[in-house]
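See below for the structure under consideration.
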Amino acid sequence: MKTLFHSRFGHDHFSDRAQVLLLAHANFNEMPRHVRATDVVGEADERLISIKDAREFYIFMEEAGGSSYFNDLDSILKRRRLNDLDRERAGMLAHFIADVHAIKYSGDDAKTLYRRRIRDLIGHGECIMGIIDAYEPVDFTTDSELVSYATESLKWWGKIRDMKERLSNVHGDFHPGNIRLQENDFILLDRSRGSWGEPADDVSCLAMNYIHYAVKDCGTFEGPFAELFRIFLDAYFAKTGDDGFFEVCQAFFAFRVLVIANPKFYPDDTRETKRKLIDFGFSVLKKERFEPERIAEYLEGK
């Protein structure tokens with residue numbers, strides 16, 4: 001029998017260990033002269049569960065109800081102004097995620113977990129390098145430029161990976177599609193990247209969508225979505241006082257740029273909009289401190 005230790009080497013979560021052992025079971029028996037694997041077993045309360053035959057996995061959940069926050073943003077884009085409810089919702093989301101981030105992690109494995117989160121930001125298949133590898137040829141960037149983008153992002157791995165004191169409770173994918181609004185309330189979807197991480201991940205995730213919509217609306221960072229961005233950040237920082245955000249958020253913004261600029265996810269944007277997003281990402285990656293008042297400059301590659 002073989003099992004895996006919990007910490008380091010990418011085995012930090014039980015799902016990591018399941019992944020390794022399921023793949024090992026499949027691969028052992030395909031090679032001549034390799035010891036045979038007979039089962040993969042999961043440990044539950046007072047029993048063992050065989051999972052060796054599983055090839056695909058599904059999660060069942062309650063029906064969320066409500067409507068996507070993207071619907072709100074699209075409505076604002078059409079009317080080109082905010083109403084009181086728009087402002088209230090941005091503040092509500094800021095206060096909620098600030099409360100989530102107020103829960104800090106200080107266990108013995110804090111360094112390992114924080115390093116893992118920063119490493120995944122750069123190299124995971126769902127993050128910077130994985131998204132770049134999923135790009136088809138496009139007219140607003142090149143493969144060579146995207147490789148340079150990843151190289152700039154990698155520098156931030158070296159800069160911030162030891163800031164374990166920032167390890168906090170997080171959502172991990174706090175974008176409008178995962179926020180379902182229900183009158184004066186909301187419910188979230190798809191918290192699937194682990195419980196602990198960097199607060200800048202969540203803040204930049206939603207904030208980048210406000211920047212994106214501002215560019216779609218005005219071609220730069222102004223108008224109702226710039227106001228929403230400021231409401232969200234002002235409310236968040238009034239509650240957290242997290243000045244450190246501005247010195248760790250760069251690669252998180254860069255990641256969200258890659259997602260939003262990718263036509264697979266957002267096919268309807270103009271070439272000009274997508275180019276401004278890429279320019280924003282490059283500019284932010286080269287700044288030691290993110291300055292919100294300079295976002296319009298970042299969108300011009302300055």
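Quick note: the coordinates plus some simple rules give every number you see, no bench work behind them. Predicted model only: the values in this text are computed from it and were never measured. In this analysis, Cβ positions are derived from the backbone assuming ideal geometry, glycine residues included, and neighbour counts consider all displayed protein chains.
Taking the convex hull of the alpha carbon positions in the range 67-299 and averaging its projected area over all directions gives 11.5 nm². Would you work out which of HIS101, TRP156, ALA64 lies farthest towards the positive end of the dipole of the chain, given +1 charges on the beta-carbon of Lys and Arg and -1 on that of Asp and Glu, about the Cα centre? Going by the charge dipole, the pick is TRP156. For PHE246, the shell of other residues with beta-carbons less than 12 Å away shows a net charge of -3, using +1 for Lys and Arg and -1 for Asp and Glu.
For VAL20 and SER148, the difference between the fully extended length at 0.36 nm per residue and the C-alpha to C-alpha distance is 43.0 nm. Remark: the range 111-217 projects, on average over all directions, an area of 8.4 nm² (convex hull of Cα atoms). Look at MET129, MET208, MET163 and count the other Cβ atoms within 10 Å of each Cβ; fewest to most, that gives MET163, MET129, MET208.
Here the Gaussian network model covers the chain, with springs between Cα atoms less than 10 Å apart; of VAL248, VAL138, VAL170, VAL138 fluctuates the most. Dividing the summed helix terms, -39500 (n - 2.57) for each DSSP H run of n ≥ 4, by the number of residues in the chain produces a 222 nm estimate of -16000 deg cm²/dmol to the nearest 500. Among GLU183, GLU288, GLU227, the largest mean-square fluctuation in a Gaussian network model of the chain, built with springs joining Cα atoms closer than 10 Å, belongs to GLU183. Taking label points 7 Å from Cα along the Cα-to-Cβ direction, LYS239 and ASN83 give a separation of 2.4 nm. Maximal additional length on extending the LYS286-GLU136 stretch stands at 51.5 nm, based on 0.36 nm per residue less the C-alpha distance. The trypsin sites (Lys or Arg not before Pro) found in the range 150-193 that occupy coil by DSSP, while having at most 16 further C-beta atoms within 10 Å, are ARG191. Take the chain, connect every pair of alpha-carbon atoms lying under 10 Å apart with a spring to form a Gaussian network, then pick out the residue of PRO292, PRO224, PRO199 with the largest mean-square fluctuation. Checking each option, the largest mean-square fluctuation is seen for PRO292. Placing +1 on the Cβ of every Lys and Arg and -1 on the Cβ of every Asp and Glu, with no other charges, gives the chain a dipole of roughly 780 debye about its Cα centre.
The gain in end-to-end length when the PHE60 to ARG294 segment is fully stretched comes to 79.9 nm, 0.36 nm per residue minus the alpha carbon separation. Normalised by residue number, the volume inside the convex hull of the Cα atoms of the range 1-58 is 110 Å³ per residue. Among the listed pairs LYS216/LYS264; LYS78/LYS216; LYS78/LYS276; LYS155/LYS276, those whose Cα-Cα separation exceeds 19 Å are LYS78/LYS276; LYS155/LYS276.
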